[in-house]
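The values are calculated or read from the model by the stated rules, or taken from the named source; none is laboratory data. Just so it is clear, the model here is predicted, and its values are computed rather than measured. A quick note on method: Cβ atoms are made from the backbone with ideal geometry, for glycine too, and the neighbour counts reach across all protein chains shown.
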Amino acid sequence: MLLWILTNSETMDSHGDRDRSSERVGMVLVVVSAVGFGTLAVLGELAFAAGLNVPSVLALRFALATLLVWAVLVARRRRAGASERLRLRGRLLFVAVALGLVGYTGQSALFFWGLEYLTAGVTTLVLYTYPAFVLVLSALFLGEPLTQRRLVALPLVLGGVALVAGVDPVGVSSVGIAIVLGSAVVYSGYIVVSRVALADTDGLVLAGHVLPAAAVSFFAYGTTTGSLALPATPSGWFTVVGIAVLATVVPVVTFFGGIRRIGASRAGLVSTVEPIVAVVLGVLLLDEPLPPTTFVGGALVLVGVWLIHVESR
């Protein structure tokens, strides 16, 4: 059933249907994606509580996600016909593997490392500064202009993080903030490089090559350091499967399905619910604090991100 839903989210709009019904479906798909990504930090905290370490969680996350994404790709190919190319070659293959070994590996490792210092809500809010870094990198390397609205958005985003980090110390570590900001910077580089690569391939096909490369990285690190371990309890396995399915495969596939219907800019706007989901789940499921300064700082981040996406329309 899950495989059928994921496959259809990618193929239903193959004939370019852009009517209102299709747009509503696109909105729903992107909301599902944002909610899925928003669960990652909370599930990460639950994985730590179950006794799992970062290399083990991420190795299993990307291994399971690889199997599911390739199952979706094969099913989609059968529906669309055998002409669709699933394997990348040459420069694209090199870029995809590099994105997995360096980009996704670095971003995920720093995110989960920062999660050991911060609450799930604060971790996700700080990571969500990445659109600001994407703007800077795009201006430096892709020649995209820094318009007046974007120049307003940048200090809003960074000022919001400063407010979260510096005014109220509840649940906040300066070391954790620095680590997750590093994750946001790495993620922005990953996005900029992916944007170039996606000009020549499908997003889900690219993900099918990025994910196994990231899995190899964490399996290699965990094996070398002797830190790799399987979950010892049913709750540990449940959490890992949740991270792989709910927080990785479902949001990746539904996001691409949503983009097909409503476009990247509108999808980016809808995705701003992601950190809100993380904060709310952290408060409800983990009893995390939500002081006024975190709320105000988070609002500034979201307003800045909103300005960035509106400018892109």
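Listing for the model above:
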| item | result |
| --- | --- |
| Every pair of residues 6+ apart whose Cβ atoms lie under 7 Å, when the first sits in region 86-98 and is closer than 12 Å to residue 205 by Cα and touching a residue at least 60 places away in the same chain (Cβ under 8 Å) while the second is of a type outside the set (S, T, N, Q) and exposed (fewer than 13 other Cβ atoms within 10 Å of the Cβ) | 92/200 |
| Within region 60-92, tally of residues that are on the phi < 0 side of the Ramachandran plot and modelled with pLDDT under 90 | 19 |
| Test result for residue 120, surrounded by fewer than 24 Cβ atoms within 10 Å (Cβ to Cβ) and either within 18 Å of residue 63 (Cα to Cα) or out of contact with any Phe, Trp or Tyr (no Cβ under 6 Å at 6 or more places or on another chain) (or both) | no |
| Residue tally, condition under 17 Å from residue 206 (Cβ atoms) and at pLDDT 85 or above, over region 246-287 | 6 |
| Residue within region 104-118 that is in contact (Cβ under 8 Å) with a residue 12 or more places away in the chain, over 22 Å from residue 49 (Cα atoms) and among the small types (Gly, Ala, Ser) present | yes |
| Candidates 130, 117, filtered to the one that is more than 18 Å from the chain's Cα centre (by Cα), under 24 Å from residue 40 (Cα atoms) and at pLDDT 80 or above | 117 |
| From the options 30, 57, residue that is over 22 Å from residue 258 (Cβ atoms) and assigned to a helix (DSSP H, G or I) | 57 |
| Residue check, residue 104 outside any helix (DSSP H, G or I) and crowded, with 18+ Cβ neighbours inside 10 Å | no |
| Residues that are surrounded by fewer than 19 Cβ atoms within 10 Å (Cβ to Cβ), assigned to a helix (DSSP H, G or I) and not aromatic (Phe, Trp, Tyr), drawn from region 33-54 | 49 |
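Listed here are the residues, each with its yes/no results for (1) farther than 24 Å from residue 34 by Cα; (2) among the acidic types (Asp, Glu); (3) in a helix (DSSP H, G or I).
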site	(1), (2), (3)
95	yes, no, yes
118	no, no, no
121	no, no, yes
131	no, no, yes
